[in-house]
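The values are calculated or read from the model by the stated rules, or taken from the named source; none is laboratory data. Remember, it's a predicted structure, so these values are computed and weren't measured experimentally. Note that each Cβ is placed from the backbone with ideal geometry, even for glycine, and that neighbours are counted across all protein chains shown.
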Amino acid sequence: MTTINTIGVLGAGQMGAGIAQVAAQSGYAVKLADATVELAAKAKGKLEATLGKLVEKGKLSAADKDAALARITPVGSIQDLADCDLSVEAVTEKVELKLELFRKLDGAAKPGAILASNTSSISITKIAAVTSRPELVIGMHFMNPVPVMKLVEVIRALQTSDATYAATIELAAKMNKTVVTAKDAPGFIVNRILIPLLNEACFALQEGIGTAKDIDEGVKLGLNHPMGPLELADLIGLDTVLAIAEVLHRDLGDDKYRAANVLRKHVEAGWLGRKTGRGFYRYENGQRVG
């Protein structure tokens, strides 16, 4: 079974940075890659601020913060991930982009290295097929925000070997995550259930059944959910929600998965949620203001 000491993370956005943080806090050496080393370094800087807040709250020691940050190396090229034992792709939920990056990862990674995708809906079997090491490809779907959410959804491609699966399960356990294993079907387990819920909330808003606040309060108090569906969609990113809905609609061929027009229009407007300052609500510095 593959021994994992160094982890590569491809994509230094919200998910990639979160994965890098958890891996580093779990004792792994991490190479955090983005299109440029400057973007990766900026993400590390945000992590330093995040960990600093944990120190201020007494949830992390200053020594542990410094040790975790020291384990993260920002890099600006896939080639810089060549010596990683496992690399996790965490980029935008676009099929062609992921396939292109996995071809490049496959060419750069050392023999025996595992290639994982944090995709929330795209076929792992399809991704594995573009590599020369399909038996070493697996889905490792972290939940957002990664440092807080305990779940990792592991998805085996048709080609994934037992050894790759075992190594991935062991890695997740060392990251103090709980694993569920999902069949390689559109949306896997979590998003197969979640996205129709979020999309139905969009339809309810679109049809004027309630305001965004009323819909969210109704779900929180009536269903005992910690967060309403529309504010959760804003947290995930409305572009990501739409992308997953389109995968479900296309790959399952059922119109019940069609995306609400209000969701499409928000994405067209660039109102993608917290990350852009506006979605179904308005945000300042990541905090909801309306």
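A few remarks follow.
- When we screen 155, 189, 138, 195 for residues that are closer than 29 Å to residue 51 by Cβ and either touching a residue at least 40 places away in the same chain (Cβ under 8 Å) or aliphatic (A, V, I, L, M) (or both), the only hit is 138.
- Looking only at the range 129-145, residues that are more than 18 Å from the chain's Cα centre (by Cα) and among the aliphatic types (A, V, I, L, M) come to 3 in all.
- Residue list for the range 259-290, restricted to those being of a type in the set (D, E, K, R) and touching a residue at least 24 places away in the same chain (Cβ under 8 Å): 274, 275, 288
- Within the option set 8, 45, 52, being under 20 Å from the mean Cα position of the chain (by Cα), more than 19 Å from residue 133 (Cα to Cα) and not acidic (Asp, Glu) holds for one residue only, 45.
- Put simply, of 209, 195 the only residue that is surrounded by 14 or more Cβ atoms within 10 Å (Cβ to Cβ) and not acidic (Asp, Glu) is 195.
- Residues that are closer than 24 Å to residue 62 by Cα and without any contact (Cβ under 8 Å) to a residue 40 or more places away in the chain, drawn from the range 18-48: 40, 41, 42, 43, 44, 45, 46, 47, 48
- The residue list 113, 33 contains one member that is surrounded by 14 or more Cβ atoms within 10 Å (Cβ to Cβ), within 20 Å of the chain's Cα centre (by Cα) and not acidic (Asp, Glu), which is 33.
- Positions within the range 70-122 being modelled with pLDDT of 95 or more, among the β-branched types (Val, Ile, Thr) and farther than 25 Å from residue 162 by Cα, in sequence order: 72, 73, 75, 78, 91
- Looking only at residues of the range 62-84 that are under 20 Å from the mean Cα position of the chain (by Cα) and in contact (Cβ under 8 Å) with a residue 60 or more places away in the chain, we find that the one that is nearest to residue 246 (Cα to Cα) is 78.
- Note on the range 9-19: residues that are modelled with pLDDT of 95 or more and closer than 16 Å to residue 36 by Cβ total 6.
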